[in-house]
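Below is one structure, written out as structure tokens, with a few remarks after it.
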Amino acid sequence: MKSVLGYQCVLLCFGAFHATSSSAFTTTVPEPVTSRIITRFIPFRANRRIFQQQNSNEESTKYNSNIINNNDSASISKDLNRHLMAELKEAGESVSLLYRYLSKDDQQVTPNDIVQLCDELDLVMMQQRQINNPDTSSSLALKQRALEFSRYHLLVKLMRKDYSAYVETAKFLSPGRINRLDLPNVQDVPYNDIMPSMAILGTNGQNVNDDTDSLVEDCTLDDMKYQESLLDKILLNIFRNLVEKNTGGISSPKKGIEGLLEQGRTFMLQPNQTPQAQHTMVKETLGGLMTPVLPPFYRIFMSGIVPNNLGTPWDGKQIGPWFYAPWLTTMVTPTFFGFLVGPSRPNRRKDGQRGGLVVEKCKFLQESGCKGLCLHQCKIPAQEFFKEELGLDLTVSPNFATQECQWSFGEKPLAPEDDPSFPSGCLKGCESRLVMVNENRSSAASMVSCSR
């Protein structure tokens, strides 16, 4: 009896100590060790059996929980493998689709191929709208991107093969089935129902409507609201200061592009002004904007012109432009000339090669509304500057009907009088023309700044 009471007293003391110091025991003594200590001090077999059964149930629960966790891990792993295999299959199908179209020879591409591809793309887009399954939707989205990429390059191949066929195909499919932004070139493609501004040429290639009394229709599209960055504002301010210097002090109190255009218009309307003087002023301004450092760098690493002071037979000769020069120029131009022309993006030249840049809606043309300023203070001096100072051909092709403008680096420009995309005569709403008319100048004189 005393022995039993002694064991019970020890058990009670241990229980009290364990209750007050549970955190210490749970953090320093493993649970199986604690169980063995407790069962050692229990004097009755029944109580010991009950405790062991409870401990066994707890261990069984943990074991079952581990089994469940392992099953969950296996299920997750199986789902990941399934998704991975599905994505690899989608990627493989898309690569196969791309190869089928991109490996097609340029001479084998027809307008019908592009129409059929558009049909396939329309079907995928319709299925994507109708299906709610995320996996299937993801697969269709990847296929859609592959088809859009393939369509773009089929259009490029058709452009290289037959530019006229490309224009007719783009006219047929855009904007209903192909967004205008997705076309590789929009130079001669109508904007909805707006036809590009074109010169009227005779059978001999000369302009049959060359009288300066003819007027060109103004752009009927809404004006674009331009968002100027800090860099745009800095470059515009520098450019305006250079214009003031190179025009003999002509300035304007107006801010931004409006002030620059007033400076240019004032210079253009000076007595006895010539187009050549305007070209020279703009080229000197562009040279000052690029600083003395950039032109020599561009001439060597882009145009492939050997410097004169090397003492070799190649000094001063041009062995370029390098193949990457037109394309790389289109990547840099939007950042540093956006302050003059607004947003632009790289595209393809008329020959289907890289090196094109399309201005979405020219800021200079929209705000001036003057073909004379466009011709003599943008188009011609820019073309001459790139050829004479940088060693790279450039063709600037404005579309007065939409105020888009195509810049084609590496493409030799035509003279304005031979360019079928450049009409003669002033724009109807040209402020410069109205100013000259109000000053009672003759009709011929009033058109000389805007005509070819």
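Would you be able to say whether some residue in the range 141-164 is aliphatic (A, V, I, L, M) and at pLDDT below 90?
Yes: one or more hits.
Give the residue, chosen from 285, 274, 329, 312, that is more than 30 Å from residue 159 (Cα to Cα), of a type in the set (Ser, Thr, Tyr) and crowded, with 16+ Cβ neighbours inside 10 Å. Even if it seems obvious, please write down each step before you answer.
Details: 274 fails: crowded, with 16+ Cβ neighbours inside 10 Å; 329 fails: more than 30 Å from residue 159 (Cα to Cα); 312 fails: crowded, with 16+ Cβ neighbours inside 10 Å.
On inspection, the qualifying residue turns out to be 285.
Quick one: which of 384, 367 is surrounded by fewer than 24 Cβ atoms within 10 Å (Cβ to Cβ), acidic (Asp, Glu) and touching an Asp or Glu at 6+ places or on another chain (Cβ under 7 Å)?
Numbers: 384 fails: touching an Asp or Glu at 6+ places or on another chain (Cβ under 7 Å).
Being surrounded by fewer than 24 Cβ atoms within 10 Å (Cβ to Cβ), acidic (Asp, Glu) and touching an Asp or Glu at 6+ places or on another chain (Cβ under 7 Å) holds for just one of 384, 367, which is 367.
Pairs, please: C-beta under 7 Å, at least 6 apart or cross-chain, first residue over 21 Å from residue 218 (Cα atoms) and assigned to a strand (DSSP E or B) and in the range 403-421, second open to solvent by 40 Å² or more (accessible area, probe 1.4 Å) and modelled with pLDDT of 90 or more?
Every condition considered, the pairs that remain are 408/350.
Just give me the residues in the range 154-197 being among the small types (Gly, Ala, Ser) and under 20 Å from residue 354 (Cβ atoms), in sequence order. Let's see the steps before the verdict.
From the range 154-197, those among the small types (Gly, Ala, Ser) are 164-165, 170, 174, 176, 197; that's our starting set.
Passing the criteria: only 170.
This table checks each residue for (1) open to solvent by less than 10 Å² (accessible area, probe 1.4 Å); (2) at pLDDT 95 or above.
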| position | (1), (2) |
| --- | --- |
| 289 | no, yes |
| 316 | no, no |
| 340 | no, yes |
| 343 | no, yes |
| 352 | yes, yes |
| 371 | yes, no |
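Within the group 265, 240, which residue is closer than 19 Å to residue 436 by Cα, basic (Lys, Arg), modelled with pLDDT of 95 or more and open to solvent by 30 Å² or more (accessible area, probe 1.4 Å)? Don't jump to the end; show me each part of the working.
Details: 240 fails: closer than 19 Å to residue 436 by Cα.
Being closer than 19 Å to residue 436 by Cα, basic (Lys, Arg), modelled with pLDDT of 95 or more and open to solvent by 30 Å² or more (accessible area, probe 1.4 Å) holds for just one of 265, 240, which is 265.
I'd like to verify a number: residues in the range 242-294 that are assigned to a loop (DSSP other than H, G, I, E, B) and without any contact (Cβ under 8 Å) to a residue 12 or more places away in the chain, how many? Can you show your working first?
Residues of the range 242-294 assigned to a loop (DSSP other than H, G, I, E, B): 247-255, 269-274, 291-293.
From what's left, without any contact (Cβ under 8 Å) to a residue 12 or more places away in the chain: 248-249, 253-255, 270-272, 274, 291-293.
So the count comes out to 12.
Among the numbered conditions (1) open to solvent by 70 Å² or more (accessible area, probe 1.4 Å); (2) more than 30 Å from residue 169 (Cβ to Cβ); (3) modelled with pLDDT of 75 or more, tell me where residue 77 comes up short.
Looking at each condition in turn, residue 77 falls short on (1).
So how many residues does the range 354-363 have that are open to solvent by 20 Å² or more (accessible area, probe 1.4 Å) and either assigned to a helix (DSSP H, G or I) or out of contact with any helix residue (DSSP H, G or I) (no Cβ under 6 Å at 6 or more places or on another chain) (or both)?
As a first pass, look at the range 354-363 and keep what is open to solvent by 20 Å² or more (accessible area, probe 1.4 Å): 354, 360.
In the following step, the residues that additionally are either assigned to a helix (DSSP H, G or I) or out of contact with any helix residue (DSSP H, G or I) (no Cβ under 6 Å at 6 or more places or on another chain) (or both) were identified as 360.
Matching residues across the range 354-363 total 1.
Identify all residues within the range 120-139 that are modelled with pLDDT of 85 or more and of a type in the set (A, V, I, L, M); write none if there are none.
Listed by number, the residues that qualify are 121, 123, 124, 125, 126.
Considering the range 133-175 alone, what residues qualify as being in a helix (DSSP H, G or I), among the polar types (S, T, N, Q) and open to solvent by 50 Å² or more (accessible area, probe 1.4 Å)?
First pass over the range 133-175, keeping only residues in a helix (DSSP H, G or I): 134-161, 163-173.
Retained after the next criterion (residues that are among the polar types (S, T, N, Q)): 136-139, 144, 150, 164, 169.
Correct list: 136, 138, 164.
If you go through the range 183-202 one residue at a time, how many are more than 27 Å from residue 426 (Cβ to Cβ) and open to solvent by 70 Å² or more (accessible area, probe 1.4 Å)? Step through it out loud before you land on a result.
Going through the range 183-202, the residues more than 27 Å from residue 426 (Cβ to Cβ) turn out to be 183-185.
If we keep only those that are open to solvent by 70 Å² or more (accessible area, probe 1.4 Å) as well, we get none.
Looking only at that region, the number is 0.
Tell me, which residue of the range 353-370 that is touching a residue at least 40 places away in the same chain (Cβ under 8 Å) and in contact with a Phe, Trp or Tyr (Cβ under 8 Å, 6 or more places away or on another chain) is nearest to residue 435 (Cα to Cα)? Walk me through it before giving the result.
Applying the first criterion (touching a residue at least 40 places away in the same chain (Cβ under 8 Å)) to the range 353-370 yields 353, 355-370.
With the extra rule that they be in contact with a Phe, Trp or Tyr (Cβ under 8 Å, 6 or more places away or on another chain), the set shrinks to 355-359, 363, 365.
On the way: 355: 38, 356: 36, 357: 33, 358: 31, 359: 28, 363: 21, 365: 17 Å.
In this case the residue turns out to be 365.
Can you work out which of the residues in the range 404-431 that are among the small types (Gly, Ala, Ser) and surrounded by fewer than 24 Cβ atoms within 10 Å (Cβ to Cβ) is nearest to residue 344 (Cα to Cα)? Lay out the reasoning, then the answer.
Initial filter on the range 404-431 (among the small types (Gly, Ala, Ser)): 408, 410, 415, 421, 424-425, 429.
Going one step further and asking which of them are surrounded by fewer than 24 Cβ atoms within 10 Å (Cβ to Cβ), we end up with 410, 415, 421, 424-425, 429.
On the way: 410: 18, 415: 24, 421: 20, 424: 26, 425: 27, 429: 25 Å.
The residue in question is 410.
Could you give every pair whose Cβ atoms fall below 6 Å, whose first residue belongs to the range 169-183 and is of a type in the set (Val, Ile, Thr), and whose second residue is open to solvent by less than 30 Å² (accessible area, probe 1.4 Å), counting only separations of at least 6 or pairs across chains?
As it stands, the answer is 169/114, since those pairs meet every condition given.
Across the range 220-241, which residue is nearest to residue 197 (Cα to Cα) among those that are assigned to a loop (DSSP other than H, G, I, E, B) and not hydrophobic (A, V, I, L, M, F, W, C)? Step through it out loud before you land on a result.
Residues of the range 220-241 assigned to a loop (DSSP other than H, G, I, E, B): 220-229.
Now restrict to residues that are not hydrophobic (A, V, I, L, M, F, W, C): 220, 222-223, 225-229.
On the way: 220: 12, 222: 17, 223: 18, 225: 23, 226: 24, 227: 27, 228: 28, 229: 31 Å.
Result: 220.
The values are calculated or read from the model by the stated rules, or taken from the named source; none is laboratory data. For clarity, every value in this text was computed on a predicted model and none was experimentally measured. Using ideal geometry, Cβ is built from the backbone for each residue, glycine included, and neighbour counts are taken over all protein chains shown. Quick note on the areas: whole protein, heavy atoms, side chains included, nothing else; ligands and nucleic acids left out. Shrake-Rupley method; radii C 1.70, N 1.55, O 1.52, S 1.80 Å.
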